[in-house]
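This report concerns only the one structure given below.
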Amino acid sequence: MIKLVASCIWICLVTAAAGYGGAMWKVQQMAAAVAPPKLEQVHYHKTRPLNVPMIANGAVQGYVVVQFGYTETDKAERLGMPLGVFLLDEAFRIIYSDPKLDFHHLEKYDVAGLTRTLVKKVNQRLNEDAIKEVLVEEINFVSKDEISH
C-alpha cells in the first residue's frame with residue numbers, strides 16, 4: 001500500500017515538473033520569436049561646403065556651392081576614416097563633369113539621382129555599405145560677377 005501511494009506521488013511530481021518545464025520552454029521560444037530585430041544605428045554628419053567651378057566658353061562662369069548631409073552605418077566606424085572626404089570627392093567629380101548640369105537653372109537638376117549615385121559610388125569605392133543616405137543641405141550657383149574681388 002505504501003509503495004502504491006509513493007508511486008502515485010512520484011508520478012504526480014514527475015508530471016507537474018514536465019508540465020512546468022514544457023510551459024517555460026514554450027514561453028522562452030515565443031519570447032525569442034517576438035523579440036524585435038536589432039536596429040542598425042546610423043549617425044548623421046554634415047560635409048563642409050563644396051565649391052565646384054563651372055567652366056563655359058573657356059572661362060570660369062561661377063561656382064556651384066553644395067553642402068551635403070549623410071548618414072553612416074556602424075560599418076563606417078570599422079573603416080576608421082572620415083567618409084565626408086570621399087563623399088566630397090565623388091560629388092566634385094560628378095558635378096564638374098556632368099554635361100546635363102545647367103548651372104543657370106539648378107532647379108531642373110536631378111538631385112535625387114545625384115544623391116543615389118553618390119551613395120552607390122562611395123560605397124563601391126570603400127567596398128562597404130558605409131553610407132546609408134545622402135541629403136542635399138544646400139545647392140546654389142554663384143556667378144563670378146557676384147564674387148567680390
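The values are calculated or read from the model by the stated rules, or taken from the named source; none is laboratory data. Keep in mind the model is a prediction, meaning the values are calculated, not measured. Note that each Cβ is placed from the backbone with ideal geometry, even for glycine, and that neighbours are counted across all protein chains shown. For the accessible areas, the whole protein counts, side chains as well, though only heavy atoms, and no ligand, DNA or RNA atoms are used. Shrake-Rupley method; radii C 1.70, N 1.55, O 1.52, S 1.80 Å.
One table, with the values for the structure above:
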{"read-out": "Solvent-accessible surface (1.4 angstrom probe) belonging to residue 96, in square angstrom, nearest 10", "value": "110 Å²"}
{"read-out": "Percent of Cα pairs exceeding the 24 Å cut-off, where the set is region 48-149", "value": "27 percent"}
{"read-out": "Whole-percent carbon and sulfur share, accessible surface of the chain, 1.4 Å", "value": "60 percent"}
{"read-out": "Residue 81 - accessible surface, heavy atoms, 1.4 Å probe, Å² rounded to 10", "value": "80 Å²"}
{"read-out": "Helix runs (DSSP H) in the chain reaching 18 Å along axis by Cα, Kyte-Doolittle at least 0.5", "value": "2-34, 83-97"}
{"read-out": "Rounded accessible area per residue of the chain, 1.4 Å, Å²", "value": "71 Å²"}
{"read-out": "Those aspartates and glutamates that a straight Cα-Cα span of less than 20 Å connects to residue 120, excepting residues fewer than 8 apart in one chain", "value": "40, 72, 74, 77, 89, 90, 98, 110, 128, 129, 133, 137"}
{"read-out": "Gaussian network model of the chain, Cα within-10 Å springs - most flexible of 71, 15, 117", "value": "15"}
{"read-out": "Charge dipole magnitude, Cβ of K and R +1, D and E -1 - region 72-149, Cα centre, debye nearest 20", "value": "340 debye"}
{"read-out": "Within the chain, longest stretch clear of exposed GluC sites (Glu not before Pro) (DSSP loop, no more than 16 other Cβ within 10 Å)", "value": "41-127"}
{"read-out": "Rounded to the nearest 10 Å², the accessible area of residue 102 at probe 1.4 Å", "value": "70 Å²"}
{"read-out": "Most mobile listed residue (61, 29, 124) in the chain, GNM with C-alpha springs under 10 Å", "value": "29"}
{"read-out": "Chain lengthening between residue 125 and residue 45 when straightened (0.36 nm per residue, less Cα-Cα)", "value": "26.9 nm"}
{"read-out": "Among 84, 69, 19: highest mean-square fluctuation, GNM of the chain, C-alpha pairs under 10 Å", "value": "19"}
{"read-out": "Cβ-based charge dipole, region 40-142, positive-most Cα from 94, 134, 68", "value": "94"}
